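Here is the structure we will look at.
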Amino acid sequence: MRRRPARRRVDEARRQPRVTPGSTMAAVRERGVLKVGVSSDTLLMGSRDPFTGEIEGFDIDVARQVAAAILGDPDKIEYRVITSGDRETVLADHEVDIVVRAFTINCERWENIAFSAEYYHAGQKLLVPSTSQVTGIDDLEGQRVCAPDGTTTLERLQAWEGVEAVPAATHTTCLVLFQQGEVDAITGDDTVLAGFAAQDPYARVVGDAVSDEPYGVGIPADRPDMVPFVNGVLERMISSGQWAASYERWLGDALGPAPAAPRPVYGRTP
C-alpha cells in the first residue's frame, strides 16, 4: 500500500483548526452541538429533502464542516430555520452560533456582526418566464419584481427606476407569487435563482450579474475567536477538494463548471 509522505501529514495537521481551552469553540464542544441558522427552502443551497426530511445543500455542507472541526462529527448540528431578515438578529441574540444562509458580506452588516472570509462569490440576476422578452434590468420598466425582506437584493431593487419592488418574507414566497402571476420577475443571487429554475421548467435566469455578493459565515460580533477558526475550516475545505466536490454536487448542473474557490483570509475581526 502506498503511504502518504510524512511532510504532507504534518502540513495537514497544521491546517486543522484547533479548539483551545476557554474559547467559543470549546464552549460549543462542551454543549455537544453546533447551533446553525440556515434556510430550508433555498434549493441547492439549503433546503429540506421531501423524502428524507434532511436539510441539504452547498451552505449545509459548509456548516457540516464547521461542526466536524469543533465536535468531530458533521451531524452534531442543531438547525434553526430562519428567514433572510432574521440573520443578524439570531446572531446578536445568541440564538445560534453561526449563520450559513447565502449571507452577503458588507460594511453595514460588519457594524453589527462578524463574518468569516468569503466562501462563495455570487451575483444578482433575474428570473423571468421562459416566454418573457426581458434580458436584463433595462427591460423591467413598469414590471413587478420580487425580492425577500432584509436583503441587499431588495435594497438594490428599490433603487431601480420604473420598477415596482415587491417584498416577500422568503425566496420561496417570491417563487409562489411568480408562479401565481402576481409578480413578473424575481431578482436574487444566481445561486438562489438557479434553484428556482430547477423547480420551474417555465422559468429561466437572465441578465449579467449586477452585483458582487461575497458569501460569508455569520458570527456574533462578541465571538471574534470564531472568525479565524472558521476561516481555517474553509481553508481546509478548499485545499482538500471538498469545496469543489460540494460545488459540483449542488451547483454544477445549473451554473456550470466550478470557478476558482475564494481564498480564505485569517484574522478578520468586526
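A few remarks follow.
- Qualifying residue in segment 78-86 (condition: among the hydrophobic types (A, V, I, L, M, F, W, C), surrounded by 17 or more Cβ atoms within 10 Å (Cβ to Cβ) and in a loop (DSSP other than H, G, I, E, B)): yes
- Of all residues in segment 102-129 being in contact with a Gly (Cβ under 6 Å, 6 or more places away or on another chain) and part of a loop (DSSP other than H, G, I, E, B), the one that is farthest from Gly150 (Cα to Cα): Ile105
- Of all residues in segment 225-266, those satisfying the criterion of being touching a residue at least 12 places away in the same chain (Cβ under 8 Å) and out of contact with any helix residue (DSSP H, G or I) (no Cβ under 9 Å at 6 or more places or on another chain) are Val227, Pro228, Asn231.
- For segment 151-178, a tally of residues being within 19 Å of the chain's Cα centre (by Cα) and either within 17 Å of Val205 (Cβ to Cβ) or open to solvent by 50 Å² or more (accessible area, probe 1.4 Å) (or both) returns 9.
- Residue under evaluation Glu213, criteria (1) buried (at least 23 other Cβ atoms within 10 Å of the Cβ); (2) out of contact with any His (no Cβ under 9 Å at 6 or more places or on another chain), criterion not met: (2)
- Taken residue by residue, segment 151-161 has no member that is of a type in the set (A, V, I, L, M) and part of a strand (DSSP E or B).
- Failed condition for Val205, given (1) in contact with an Asp or Glu (Cβ under 8 Å, 6 or more places away or on another chain); (2) farther than 21 Å from His121 by Cα; (3) modelled with pLDDT of 90 or more: (2)
- For Thr24, the conditions (1) within 25 Å of Leu193 (Cα to Cα); (2) of a type in the set (Ser, Thr, Tyr); (3) at pLDDT 95 or above are fulfilled apart from (1).
- Each residue in segment 47-61 was checked for being touching a strand residue (DSSP E or B) at 6+ places or on another chain (Cβ under 8 Å) and either part of a loop (DSSP other than H, G, I, E, B) or open to solvent by less than 10 Å² (accessible area, probe 1.4 Å) (or both), and 6 of them qualify.
- Restricting segment 34-46 to residues that are over 11 Å from the mean Cα position of the chain (by Cα) and open to solvent by less than 30 Å² (accessible area, probe 1.4 Å) leaves a set whose member that is farthest from Thr173 (Cα to Cα) is Leu34.
The values are calculated or read from the model by the stated rules, or taken from the named source; none is laboratory data. Quick caveat: nothing in here was measured; it's all calculated off a predicted structure. As a convention, Cβ positions derive from the backbone with ideal geometry for all residues, glycine included, and neighbour counts pool all protein chains shown. Quick note on the areas: whole protein, heavy atoms, side chains included, nothing else; ligands and nucleic acids left out. Shrake-Rupley method; radii C 1.70, N 1.55, O 1.52, S 1.80 Å.
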